[in-house]
Amino acid sequence: MRALALLGDNITTDHISPAGAIPEDSAAGRLLIAQGVTRDEFNSYGTRRGNHEILTRATFANIRLRNEMVPGVEGPYTRMPDGTTALLFEAAQTYLKAGEPLVVIAGRNYGCGSSRDWAAKGPRLLGVSAIIAETFERIHRANLAGMGVMPLQFDAGTTRKSLQLDGSENYDVTGLEAGLSPRCTLTLEITRTNGTRSAVPVTCRLDTHEEIAYFNAGGLLPMMCERLLHAA
């Protein structure tokens, strides 16, 4: 997995899926302009939450987001492997086309704030396979499980800073072949650009057998569709 964002503490659901005005130069704004929507008709992310094309582009689009992969810059930006800066949405599309899964790494209390379904839906549609954080807000963690995104938690004392991560690394999660159980321990393998490798334990925060079933099915909606098809 490649890192899409390296984030700090108390990342709120508004950082992940903002509800405010749509900037003209954002990925969503560019789409609206391309479709002939004038600036005074943009409205807000919140009022367009039924449009998946807008809300996927809104993911991590908060203008106050601080992605540590691009130090000193605020907004929906990330750093590509070649060192260039790109809009998060456009970077995610590049990775999706290349078939490369993504990971987001964060600090404490990831997903705090109001319970927004798109804060879990959006990352999934961007191709994010896992969120690795020091701790998760309770409801958001459950929402990630329901969307088929794996929440992984660092052991106490292990952080993105103690591991000296800068987002240029490749990440693999091993231990899945043994099958998942609630709060099982997996291993995060980190390969740095200089070729060195390290491994740290992480707790899989799928806390119940039901959440594991959601994840294995690719999310709650695919699981329900599969059940309906079998019942037909």
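Considering each of 12, 94, 84 in turn, give the residue that is within 20 Å of residue 129 (Cβ to Cβ) and modelled with pLDDT of 95 or more.
On the way: 12 fails: within 20 Å of residue 129 (Cβ to Cβ); 84 fails: within 20 Å of residue 129 (Cβ to Cβ).
Residue meeting the stated conditions: 94.
Conditions tested, residue by residue: (1) under 10 Å from the mean Cα position of the chain (by Cα); (2) at pLDDT 95 or above; (3) open to solvent by 30 Å² or more (accessible area, probe 1.4 Å).
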| site | (1), (2), (3) |
| --- | --- |
| 119 | yes, yes, no |
| 130 | yes, yes, no |
| 133 | no, yes, no |
| 138 | no, yes, yes |
| 142 | no, yes, yes |
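Tell me whether the stretch 159-174 contains one or more residues that are in contact with a His (Cβ under 9 Å, 6 or more places away or on another chain) and not polar (S, T, N, Q). Write out each step before concluding.
Quick first cut of the stretch 159-174, residues in contact with a His (Cβ under 9 Å, 6 or more places away or on another chain) only: none.
Scanning the stretch 159-174, I find no residue that is in contact with a His (Cβ under 9 Å, 6 or more places away or on another chain) and not polar (S, T, N, Q), so the answer is no.
Flag: residue 115 matches the condition of being among the hydroxyl-bearing types (Ser, Thr, Tyr), in contact (Cβ under 8 Å) with a residue 40 or more places away in the chain, open to solvent by 60 Å² or more (accessible area, probe 1.4 Å) and under 24 Å from residue 210 (Cβ atoms).
Taking the conditions exactly as written (closer than 20 Å to residue 100 by Cα, at pLDDT 95 or above and loosely packed, with under 13 Cβ neighbours inside 10 Å), does residue 191 satisfy them or not? Break it down stepwise before answering.
Numbers: closer than 20 Å to residue 100 by Cα: yes; at pLDDT 95 or above: yes; loosely packed, with under 13 Cβ neighbours inside 10 Å: no.
Judged against the criteria, residue 191 is not a match.
Please pick out the residue among 189, 177 that is touching a strand residue (DSSP E or B) at 6+ places or on another chain (Cβ under 9 Å) and of a type in the set (Asp, Glu). Give the derivation first.
Numbers: 177 fails: touching a strand residue (DSSP E or B) at 6+ places or on another chain (Cβ under 9 Å).
Only one candidate passes the filter, namely 189.
Would it be correct to say that residue 166 is in contact (Cβ under 8 Å) with a residue 60 or more places away in the chain, surrounded by 13 or more Cβ atoms within 10 Å (Cβ to Cβ) and touching a strand residue (DSSP E or B) at 6+ places or on another chain (Cβ under 6 Å)? When the stated conditions are applied, residue 166 does not pass them.
Those residues that are outside any strand (DSSP E or B), touching a Phe, Trp or Tyr at 6+ places or on another chain (Cβ under 9 Å) and not aliphatic (A, V, I, L, M), I need them from the stretch 147-161; list them, please. Hits for the stretch 147-161 are 148, 160.
Looking only at residues in the stretch 128-142 that are out of contact with any strand residue (DSSP E or B) (no Cβ under 6 Å at 6 or more places or on another chain) and not in a helix (DSSP H, G or I), the one that is nearest to residue 108 (Cα to Cα) is 135. Among the residues making up the stretch 52-109, those that are under 20 Å from residue 136 (Cβ atoms), surrounded by 18 or more Cβ atoms within 10 Å (Cβ to Cβ), under 12 Å from the mean Cα position of the chain (by Cα) and not hydroxyl-bearing (Ser, Thr, Tyr) are 60, 102, 103, 104, 105, 106.
If you go through the stretch 209-232 and keep only what is open to solvent by 60 Å² or more (accessible area, probe 1.4 Å) and modelled with pLDDT of 90 or more, you end up with 209, 210, 216.
The values are calculated or read from the model by the stated rules, or taken from the named source; none is laboratory data. Everything numeric here is computed off the predicted structure, so don't read it as measured data. Please note: Cβ atoms are built from the backbone with ideal geometry, for glycine as well, and neighbour counts cover all protein chains shown. Areas reflect the complete protein model, heavy atoms only, side chains present, ligands, DNA and RNA absent. Shrake-Rupley method; radii C 1.70, N 1.55, O 1.52, S 1.80 Å.
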